[in-house]
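Worksheet: one structure, shown below.
Please treat every number below as a calculation from the coordinates, not as lab data. Worth saying up front: this structure is predicted, and the values here are computed from it rather than measured. Using ideal geometry, Cβ is built from the backbone for each residue, glycine included, and neighbour counts are taken over all protein chains shown.
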Amino acid sequence: MWHILGAGSLGTLWATRLARAGCPVQLILRDAQRLRSYQHAGGLTLIEQGRAQRYAIAAQTADHPQPIQRLLLACKAYDAAAAVSQLAPRLAVGAEIVLLQNGLGSQEEVARCAPQARCIVASSTEGAFRQADFQVVFAGHGHTWLGDPLDVQPPAWLEDLRQAGIAHDWSLDVLSRLWRKLALNCAINPLTVLHDCRNGGLLEHPAQVACLCSELSELLHRCGHGTAAEDLHNDVLRVIHATAANYSSMHQDVRQRRRTEIAYLLGYACNAAERHQLQLPHLQDLYSRLLSHLDAHGLPSH
Ligand code: NAD
Ligand code: KPL
């Protein structure tokens, strides 16, 4: 049984594909009112290449008594620890939690809340967005790397992912993948917010991008993830070109006045630099300018 917490973009993307492959799935929704809205909607709708298909997946709230053996945590990084604490009494002996959160920091918070569980962390390049409540558009095919920094043994349920068509690999160095994605996000997303531009707009600020990449590479090396620093600047430029017409996820969050995951991206990077007594002036300056910007827009800084 897959218990999936969060019926947002990624939660829906995983739940519908697993259910379609015949895997038993239970959604865990926030409260009784959200459960009623879900029942009224008649299930989760996945829209792929313009075609919508509804899946009537079973759902429950966090206070349901059913034990949880495998939990897919599909909420934002800032909600992850609270969500797992709420479910802790339901986690069975030997339970596994799959963490889909972007950035770094939430994984450690979750592990502290559920020390009895095995935490498997994921880094995904798939893209999805919510078109309406319980309706999600599969916007970008990608790949998901999963791994457990404490145990190299892959779980048997990877076969479920294969059957569900979820492109994935078991990674022996998943933390480096998360660091690399964090570095890409730190080099691109905050600047797009501060310049109020699409990703391609950063081509007009090459020196700023280059300085950030150089400092981020230094940080990755200092944190023991030198492989994640390889060719970072070229990769950032490649992503900027490939996604030139898009607004970054952080730009979209700010524009829609949604809380950002800044504490788990740039905030995490700056804290790590401080822990290692590393002076990264451009990164620090970017962080303080972004915090002021969020504050001016009435958005939280964590
Ligand atoms: P989302 O906001 O669309 O969905 C999160 C869902 O979790 C929401 O429906 C929210 O109500 C629910 N939730 C939060 N706390 C809960 C709780 N205690 N109980 C029940 N439900 C709860 O977010 P998303 O876009 O799916 O992103 C999830 C994570 O995946 C983020 O860290 C994001 O950065 C990462 N990510 C997203 C994408 C994408 O394309 N959307 C791609 C890669 C990575
Ligand atoms: O992941 C991204 C995002 O917008 O969050 C990209 C496109 C890589 C930009 O950092």
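The DSSP beta bridges internal to the chain are antiparallel in roughly 35% of cases. The distance linking region 178-250 with region 69-110 is 28 Å (Cα centroid to Cα centroid, whole angstrom).
Put simply, when 224-235, 9-20, 49-60, 187-198 are sorted by average Cβ atoms within 10 angstrom per residue, most first, you get 9-20, 187-198, 224-235, 49-60.
From the square roots a ≥ b ≥ c of the eigenvalues of the alpha-carbon gyration tensor of region 2-172, which class results: rounded (a/c under 1.5), prolate (a/b over b/c), or oblate? Oblate, since a/c reaches 1.5 and b/c is not below a/b. For region 2-172, the relative contact order is 23 percent, taking Cα pairs closer than 8 Å that sit 6 or more residues apart in sequence and dividing their mean separation by the residue count. Computed across the chain, the Kirkwood radius stands at 20.1 Å (inverse of mean 1/r, all Cα pairs). Between helix 77-87 and the chain there is an angle of about 30 degrees, using the helix long axis and the longest principal axis of the Cα atoms.
If you wrap region 176-296 in the convex hull of its Cα atoms and look at it from every side, the mean projected area works out to 6.7 nm². Our estimate of slack between A207 and Q116, defined as 0.36 nm per intervening residue step minus the Cα-Cα distance, is 28.1 nm.
Rounded to the nearest 5, the antiparallel percentage of DSSP beta bridges internal to region 2-172 is 35%. Sequence-distant contacts, meaning Cα pairs under 8 Å at least 6 residues apart, place the relative contact order of the chain at 15 percent. For the chain, the 222 nm mean residue ellipticity estimated from helices alone, with every DSSP H stretch of n ≥ 4 adding -39500 (n - 2.57) and the total spread over all residues, rounds to -13500 deg cm²/dmol. For the pair M1 and Q60, label points projected 7 Å from Cα toward Cβ lie 0.4 nm apart. Helix 174-194 axis versus longest C-alpha principal axis of the chain: approximately 60°, rounded to the nearest ten. Compute the acute angle (0 to 90°) between the alpha-carbon long axis of helix 32-41 and the principal axis of greatest extent of the alpha-carbon atoms of the chain; round to the nearest 10°. Result, in degrees: 80. The stretch between A242 and Q131 holds 37.6 nm of extra length on full extension. This uses 0.36 nm per residue minus the Cα-Cα distance.
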